1. From A37, A70, A80, grab the single residue that is over 14 Å from the mean Cα position of the chain (by Cα) and at pLDDT below 75.
2. Take S88 and decide whether it is among the hydroxyl-bearing types (S, T, Y) and at pLDDT 75 or above.
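The values are calculated or read from the model by the stated rules, or taken from the named source; none is laboratory data. Quantities reported herein were computed from a predicted structural model and do not represent experimental measurements.
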Amino acid sequence: MKGNPVIDPTRPTIVRRLVRDFVHDSLYNPVHGYFSAAAEILSLKHPIDFNKVKGQVDMERIVNDLYLQAGELQTWHTPAELYKVSLSACQFVIAVLMAPFFPFLLSK
């Protein structure tokens, strides 16, 4: 393949390359990539208190407010950012659920 797949302005058509190179080019190529502009992943300063969210409309308002705080930047969010929970809490839940099958998990 000619050139760097990340900055090559022409979209390759018949070429052999690794899947990771294809995905990276499709996402980040400045000419034809999905994130052709500089994008920032949404990061929360404080976790969302889901006990106070009253439904879908309220959740959409919260996410909209987060985007408004980001300003002019092209901002994206993923479920990992919105539904962040404590890693130790997740590890505990997994250990309790797996305990009947792997009792040594709780013995630490």
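1. Exactly one of A37, A70, A80 is over 14 Å from the mean Cα position of the chain (by Cα) and at pLDDT below 75, namely A37.
2. no
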